[in-house]
Amino acid sequence: MAKLPSSIQRLINELSRLPGIGPKTAQRLAFYLLKKDSIDINNLSLAISQVKNGVTFCSVCHIMAETDPCGIDADPKRDHDVICVVEESLDALAIDKTGQFNGVFHVLGGVLNPLEGTGPEQLTINHLMQRVRQEEVKEIIIATNPSLEGETTAMHLAKLIKGVNQEIIKSGNQEIKVSRIARGLPMGGDLEYADDITLMRALEGRREY
């Protein structure tokens, strides 16, 4: 029985372990790479081998960066009184790319998911609460995804910040505003294909035209 060379099969096996890539896609990628110029292959190999060494996590907000603190936290022009809480670094980058947010971020590193063993201790929630207590924060924007786990995490954070606000009120200071990003229909979306929760959120987040 004909077999693939062991080096090709090993590459296919490793590629198929990546998220979103099945055996067929891994096979196509492996044969695509086989046809590429050796210089391109070496550049790809070098980029993969150096990715761990070239990336750090900001000790302030936990975003992926090249420096610590990251460029956002080190920027004096950013509004450090407003913290946008997101699940992952890519979420923060997506929001920052819009140019509509000038605050800073806090990356949780995931969402609460007891079924997968992810509790508050596995996330950076405790550090967020430290920031809330120690920094002069005016607003926390919760920007977790509109999934069951994202909503659960958002409610948990809101409850924790409510407790901090009670402490702040007793001390005579202004309480921290807690907001949730609006959810609704995407641009180009069709009402008849939207699910009930999406429509409900779109109606809740309506604004004057």
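The values are calculated or read from the model by the stated rules, or taken from the named source; none is laboratory data. What you are looking at is a predicted structure, and each value in this text was computed from that prediction instead of being measured. A quick note on method: Cβ atoms are made from the backbone with ideal geometry, for glycine too, and the neighbour counts reach across all protein chains shown.
For the reader, a short list of remarks on this structure follows.
- Tally of residues being over 22 Å from the mean Cα position of the chain (by Cα), assigned by TED's automatic domain parsing to the domain that holds GLU135 and surrounded by 10 or more Cβ atoms within 10 Å (Cβ to Cβ) across the range 167-209: 7
- Of all residues in the range 74-95 being of a type outside the set (Val, Ile, Thr) and surrounded by 20 or more Cβ atoms within 10 Å (Cβ to Cβ), the one that is nearest to LYS52 (Cα to Cα): SER89
- Applying the set (1) under 22 Å from ALA92 (Cβ atoms); (2) out of contact with any helix residue (DSSP H, G or I) (no Cβ under 8 Å at 6 or more places or on another chain); (3) of a type in the set (Gly, Ala, Ser); (4) assigned by TED's automatic domain parsing to the domain that holds ALA92 to GLY163 leaves exactly one unmet item: (1).
Table: residues versus (1) in the same structural domain as MET155 (by TED's automatic domain parsing); (2) over 20 Å from GLU139 (Cα atoms); (3) in contact (Cβ under 8 Å) with a residue 40 or more places away in the chain; (4) not in a loop (DSSP other than H, G, I, E, B).
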site	(1), (2), (3), (4)
ILE72	no, no, no, no
ASP91	yes, no, yes, yes
ASP96	yes, no, no, yes
GLY99	yes, no, no, no
VAL104	yes, no, yes, yes
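- Condition check for ALA47 on (1) of a type in the set (Gly, Ala, Ser); (2) farther than 23 Å from MET129 by Cβ; (3) crowded, with 16+ Cβ neighbours inside 10 Å: one failure, at (3).
- Scan of the range 59-73 for residues that are in contact with a helix residue (DSSP H, G or I) (Cβ under 9 Å, 6 or more places away or on another chain) and buried (at least 18 other Cβ atoms within 10 Å of the Cβ), ordered by number: VAL60, CYS61, HIS62, ILE63, ALA65, ILE72
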